[in-house]
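Only one structure is covered here, and it is reproduced in the block below.
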Amino acid sequence: MIGSTDRLDRSPLARMLYTASYRGYAGEHVQAYKPQSATPVNTSGSGDRLIDPALWDDPVMRHALRVRDIGAVFALLKRHGVSQRRISSLTGQSQSEVSEIVNGRQVMAYDVLHRIAAGLGVPRGLMGLAYTPDTEVSVALSASPRATQEVTPVPDRREFLGVLAKVAVGAALTTADLAFLSTPAQATPAPARVGETELRQVHELARMLWVQEKALGGGAVREAALSQVAWVRALLRASHPDKITQQLYTVLADLSSLAGWASHDMGMPGDALRHLLHSMAAASEAGDPMRAALAMEQVARVHLQLKQPGEALKTLQLAALSADRSGNPQARALTLATTARAYADLGQLPHALDTLTKAEDALVSDSPADLVLPDPRGFDRAALESDTGRVLAIAARVDRVHAPRAVEALAAYTATADAVRLKRRAVSNAQLSAVLFHTGQTADAVTAGHDALVLASSIRSARVLDHLDTVRGEALRLPRDRDAAELARNITAAHG
């Protein structure tokens, strides 16, 4: 049995997560991976030093923050060159109040603690005020046990009854009432020991969330995925046997991958890349090259969406190495199918078509259970047909000779009764519509476009809307066609 904090402190995952948490994303270029400190607090010409964000990682400071000894926090700041006048300015307190706190006055009120944390730039999770994304990695990597969970004070009885009375008689609640009812974010306490029961729960939740993402889009599951990522990290900090540790990292890889994919689906490439890096790191910790390959393939698709096929191809070469190491034919076929799309985007059509053939050869219909992708992320011949249609649709823009096969492949997939991968069906219908418009088959194009629109009505996905925008662009090229014009108007309305 091992203490999880010791394991995290020693593991490569810990170091990768810490670096990843400070990774930036700017414009269309992935920045070099390097630690970046938060912006220091500005000072006003007094000789006061900037508050170094690294100060919050000091063990003595962490202890003071954890027990909310604000006097000790202020004293430590002073020792590092931050004057009481500066602290007063940042926290909105008078200098006399700051002095009183340093001399022993306790700070208990939540709003004052919140104001102090915000003013000084303290990650609020270190004070037990909230468990937020900006402190998630820092707290996860702390060598100290997680602080005792904050107990939110019971609301004042009279004020609470007053609000209940207003609701009972149908009176409108005031801004003050709503402020009184607001509750600070608070993490659910993790169990002291993690066993098979907790493991089964998180595995099932991860599977269900992936099913929902494929049916309803990233916007429907992203927040839930982020919450479950934080929960599994909390479980990793609890006590558990070694065999549970590895499986927790496996489910962390799946959930981080989902968080990244949902972020990508909602048009958030920076967040997508960060979460997918977390997934790769967790897969590495679990010794799972198959999951590492899946995360890399998703990174490549983010690059493709950003119109960076060259970067995607480099990533896919690494993904292929992991897929080969895993011995998983579905992972290998998926990686090859996405590689074919990267070649098509680069205009290298012979390479794209040859790679599609390799992807088809890689699929083995009778693979053993341990050599298939985790449900519902399997990659079968129907999914390959969909990807083939997409690659050929790209090729058809250059040479229409590829259009008939593109239509055939996309139509074959859209005709399937795949109730799980509704988002893929919506995208495939939109791609089919665009190809049909491009080749002058307007009536069929309008039908496919409306089919895509119907499916998209129940899906929260920026990527699906992007594909519908392509269809709208094709329809607008035919202003005299009444059906095409109506489709364009309906797609515009769908954007809200």
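The values are calculated or read from the model by the stated rules, or taken from the named source; none is laboratory data. Just so it is clear, the model here is predicted, and its values are computed rather than measured. As a convention, Cβ positions derive from the backbone with ideal geometry for all residues, glycine included, and neighbour counts pool all protein chains shown. Each accessible area value is taken on the protein alone, full model and side chains, heavy atoms only, with ligands, DNA and RNA left out. Shrake-Rupley method; radii C 1.70, N 1.55, O 1.52, S 1.80 Å.
Give the peptides 455-464, 104-113 in descending order of average Cβ contacts within 10 Å, highest first. Could the numbers behind the result be given before it?
Details: 455-464: 18.9, 104-113: 12.2.
Peptide ranking by packing, descending: 455-464, 104-113.
Once the piece of chain linking Lys307 and Ala168 is laid out straight, how much longer is it, given 0.36 nm per residue of separation minus the C-alpha distance between them?
On the way: separation 139, 0.36 × 139 = 50.04 nm, distance 5.62 nm.
Once the chain is fully extended between Lys307 and Ala168, it gains 44.4 nm.
Given that compact globular proteins tend to follow 2.2 N^0.38 Å, what is the ratio of the alpha-carbon Rg of region 198-260 to that value?
On the way: Rg = 11.5 Å, N = 63, 2.2 N^0.38 = 10.6 Å.
This ratio for region 198-260 stands at 1.09.
Report the Cα centroid-to-centroid distance between region 329-357 and region 437-496 in angstrom, as an integer.
27 Å
Where the eigenvalues come from the Cα gyration tensor of region 391-464, what are the semi-axes √(5λ) of the equivalent ellipsoid, largest first, in whole Å? Kindly include the intermediate steps, with their values, before the conclusion.
Working: eigenvalues 87, 30, 24 Å².
Largest first, region 391-464 gives 21, 12, 11 Å.
With r as the distance between the Cβ atoms of Gln106 and Asp324 and R0 = 41 Å, compute the FRET efficiency 1/(1 + (r/R0)^6) and round to 0.05.
Values: r = 61 Å, r/R0 = 1.48.
E(calc), rounded to 0.05, equals 0.10.
Straight-line reach from Lys307: which lysines fall under 26 Å, measuring Cα to Cα and dropping same-chain residues less than 8 apart?
Once the sequence-local lysines are set aside, what remains near Lys307 is Lys34, Lys214, Lys358, Lys423.
Ignoring any ligand, DNA or RNA, what whole percent of the accessible area of region 169-254 comes from carbon and sulfur when the probe is 1.4 angstrom? Spell out each step's value before the answer.
On the way: 2330 of 3990 Å².
On region 169-254, the fraction of accessible area on carbon and sulfur atoms equals 58 percent.
With a 10 Å radius around each residue's Cβ, average the other Cβ atoms per peptide and rank 212-225, 192-205, 344-357, highest first. Walk me through the numbers before you get to the answer.
Values: 212-225: 21.4, 192-205: 14.8, 344-357: 17.3.
Order by mean packing, descending: 212-225, 344-357, 192-205.
Once label points are set 7 Å from the Cα along Cα→Cβ at both Asp483 and Val401, what is their separation, rounded to one decimal in nm?
3.1 nm
To two decimal places, what compactness ratio does region 368-416 give when its Cα radius of gyration is scaled by 2.2 N^0.38 Å?
Working: Rg = 13.4 Å, N = 49, 2.2 N^0.38 = 9.7 Å.
Output field value: 1.39.
Calculate the FRET efficiency for Gln201 and Asp242 from the Cβ-Cβ distance with a Förster distance of 30 Å, rounded to the nearest 0.05.
That gives a FRET efficiency of 0.95.
Rounded to the nearest 0.05, what FRET efficiency do Leu161 and Asp69 have when you use their Cβ-Cβ distance and R0 = 41 Å?
On the way: r = 35 Å, r/R0 = 0.85.
Once rounded, the FRET efficiency stands at 0.75.
Mind ranking 306-315, 445-454, 329-338 by how tightly packed they are, going by the mean number of other C-beta atoms within 10 angstrom, highest first?
Values: 306-315: 18.3, 445-454: 22.1, 329-338: 25.5.
Sorting 306-315, 445-454, 329-338 by mean packing, highest first, produces 329-338, 445-454, 306-315.
Go from 0 up to the bin containing the longest alpha carbon distance in region 347-496, width 5 Å each, and give me the % of pairs per bin.
2, 10, 19, 19, 19, 14, 9, 5, 2, 1, 0, 0
Points 7 angstrom from Cα along the Cβ direction at His495 and Glu223: gap in nanometres?
2.6 nm
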